[in-house]
1. What is the distance, in nm, between label points placed 7 Å from the Cα along the Cα-to-Cβ direction at LEU95 and at THR145?
2. Roughly how much of SER20 is accessible, in Å² to the nearest 10, using a 1.4 Å probe?
3. So if we plug the beta-carbon distance of PHE122 and LYS7 into 1/(1 + (r/R0)^6) with R0 = 41 Å, what FRET efficiency do we get, rounded to 0.05?
Amino acid sequence: MRLVDAKQTWRTDGFVVLPSYLSAADLSPLPNWHPRADTGRGGDRFVATAGRPGLYDAEVSAAGPAGTVVAFTPDTLHRGTALTRPGGARFTMQLSFRTAAAEWAQRQGWPDRSHDPAWYRFVERATPHQLALFGFPPPGHPLWTAETLAGTALRYPGLDLAPWAGAL
């Protein structure tokens with residue numbers, strides 16, 4: 001897949017799978033970090049329709065040989081599946097990027113805490129100013145649209161979004 005096509009797929013579907021994108025030469029400096037191509041396939045599954053009926057009907061496998069790259073957006077549901085082949089392995093490197101205008105995007109990875117009940121309780125009680133201290137875009141920020149507010153309401157049903165909605 002050409003990178004221009006991969007970019008469009010990522011934007012349209014919320015994820016893109018690039019089988020064998022990294023060559024054996026790319027992987028060779030990391031001999032202990034990746035499985036050989038003949039040892040099995042990791043299995044991840046992606047759904048870009050989070051929060052909608054028939055969620056798993058839209059599931060797509062992201063399994064691939066060593067060197068496969070999977071890029072997905074934060075709003076794409078991702079789950080790993082069981083490895084069944086003897087000697088099979090899945091190695092991941094979680095990377096992120098942000099544009100200069102996305103101040104709320106952190107370099108610190110929070111996936112292990114993003115669904116912690118304590119975080120939800122905090123978000124639902126915090127003021128916009130307190131949330132901004134953690135990188136949450138403040139009211140009036142260009143990120144906020146009717147669509148992003150609706151998604152935030154789904155994720156944090158107890159959060160009063162009036163300050164953000166009022167600033168649209």
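1. 2.7 nm
2. Accessible area of SER20: about 60 Å².
3. Efficiency, from the Cβ-Cβ distance: 0.70.
The values are calculated or read from the model by the stated rules, or taken from the named source; none is laboratory data. It should be emphasised that the depicted structure is a prediction, and the values quoted were computed from it without experimental measurement. Heads up, the Cβs are rebuilt from the backbone with ideal geometry, glycines too, and the neighbour counts pull from every protein chain shown. Please note that ligands, DNA and RNA were not included when accessible areas were found on the heavy atoms of the full protein model with its side chains. Shrake-Rupley method; radii C 1.70, N 1.55, O 1.52, S 1.80 Å.
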